[in-house]
Amino acid sequence: MRRVTGLAARTISSSVAVLPRLGHTTAMMTTIPSSEPPSPRFGGLPTPTFAGGVAGIVFFSAAAASSLGQEVHAKDMSHKFNPKEVVLYQYEACPFCNKVKAFLDFNKIPYKIVEVNPLFKKEIKWSDYKKVPILTVDGEQLVDSSVIIDSLFQRMHPEISKSEDDEEMKWRKWVDNHLVHILSPNIYRSTSEALESFDYITTHGNFGFTERLVAKYAGATAMYFVSKKLKKKYNITDERAALYDAAETWVDALNGRPFLGGSRPNLADLAVFGVLRPIRYLRSGKDMVDNTRIGEWYSRMENTVGEPSGIKE
């Protein structure tokens, strides 16, 4: 079995195409599966049932020759992974759901999107697993964003042996164990930012008209106060400084490369991009791009990942 670090040598060619319950979700807007790191939520603290439901609303010569070889190999792999139906059950603003979508979009895997109502979750009543993301592949249920991505990657690249201690894995764990913790305190930093965040969440989420109004104001108020507790829990003194430091830490990790994976994004690139995508055009995301060096990498990721390949039902 050969070991490859970046997605450069593992990516599928273009022909194949290659806010959470406050009690257990991620920074901005998702319910984290029980197998997700408990900390990476936008909530993360026990809250009243309603607030919890509302919050649950919530990555060149020799290279050219190598690239050609990868494309030929990718075409061969397309026959080994060609699912008939892929369905993602999600919250639109959930960072962990967006990790999965970044992987699917980058690999041009068509998928249907089912937006889950975070208050009643009737869309996933069929599953014993009551959090998102849930991905079904030809009827088989997969849960936990990192497990979902690993499972899909191995199906696409069964010849590659994954190491648990390589650079890529180190930074994927950094995303789940550090980066996501910083998001909630930033997007709910002030009452105006909390309202901005919940306006995005409720506009893009699965809410009725009345639910949308109640969720926006009640959720924003609840998360504003929860974010203060999260700052204390994760020893964050200045949330913006922590966000900027994380962005700079990531750029330093690139070490001059276009992507952590080299000439093409790897799974760590897709993970960072995925969790940042929901906040990119909120005030916190704009501040991050304006005050750190991460903007160029993020733009490269947007261009490389390309248009979403998901279709909402």
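What ranking of LEU195, LEU88 comes out by heavy-atom accessible area, probe 1.4 Å, highest first?
LEU195, LEU88
For the ranges 306-312, 151-157, what's the packing order if you count other beta-carbon atoms within 10 Å of each residue, average per peptide, and put the highest first?
Ranking the peptides 306-312, 151-157 by packing returns 151-157, 306-312.
Work from the charge dipole of segment 177-313 (Cβ charges, +1 for Lys and Arg, -1 for Asp and Glu, about the Cα centre) and give the residue of TYR188, GLY285, TRP250 farthest towards its positive end.
Farthest towards the positive pole: TYR188.
Find how many whole Å separate the alpha carbon centroid of segment 83-129 from the alpha carbon centroid of segment 197-232.
Here the answer is 20 Å between Cα centres.
Roughly what % of Cα-Cα distances in segment 198-290 sit above 24 Å, to the whole percent?
Tail fraction, whole percent: 38.
Considering only protein heavy atoms, what per residue accessible area in square angstrom results for segment 186-260 with a 1.4 angstrom probe?
48
Multiply the residue gap between TYR217 and ASN177 by 0.36 nm, knock off their C-alpha separation, and tell me the result in nm, one decimal place.
Stretched fully, the TYR217-ASN177 segment lengthens by 11.5 nm.
Express the carbon and sulfur contribution to the solvent-accessible surface of segment 82-167 as a percent, rounded to the nearest whole number, probe 1.4 angstrom.
In segment 82-167, the share of accessible area belonging to carbon and sulfur is 53 percent.
Mind grabbing the accessible area of TYR281 for me, 1.4 Å probe, Å², rounded to tens?
Roll a 1.4 Å probe over it and TYR281 shows about 130 Å².
Could you tell me the relative contact order of segment 248-300? Use alpha-carbon pairs under 8 Å, at least six residues apart, and round to a whole percent.
Reported relative contact order: 38 percent.
Averaging sequence separations of C-alpha pairs under 8 Å and six or more residues apart, then dividing by the length of segment 161-268, give the relative contact order as a whole percent.
33
Considering only GLY274, SER309, THR203, whose Cα is most displaced toward the positive end of the charge dipole of segment 160-313, charges sitting on Cβ of Lys, Arg (+1) and Asp, Glu (-1)?
Going by the Cα projections, it comes out as THR203.
Got a sec to turn the phi values of segment 121-134 into Karplus ³J(HN,Hα) couplings, 6.51 cos²θ - 1.76 cosθ + 1.60 with θ = phi - 60°, whole Hz, x for Gly and Pro?
These are the phi-based 3J(HN,Hα) values: 6, 5, 5, 10, 4, 5, 9, 6, 8, 9, 10, 10, x, 10 Hz.
Keeping all protein chains in place and using 1.4 angstrom, which order do VAL214, VAL272 fall into by accessible surface area, from largest down?
Solvent-accessible surface, decreasing: VAL214, VAL272.
Can you sort TRP171, TRP297 by solvent-accessible area, 1.4 Å probe, largest first?
TRP171, TRP297
In whole percent, how big is the carbon plus sulfur part of the accessible area of segment 194-238, probe 1.4 Å, protein atoms only?
C and S atoms contribute 59 percent here.
The values are calculated or read from the model by the stated rules, or taken from the named source; none is laboratory data. Everything quoted here is computed from the prediction, not taken from an experiment. Note that we place each Cβ from the backbone using ideal geometry, even for glycine, and neighbour counts take in every protein chain shown. We work out accessible area using only protein heavy atoms, side chains counted, and drop any ligands, DNA or RNA first. Shrake-Rupley method; radii C 1.70, N 1.55, O 1.52, S 1.80 Å.
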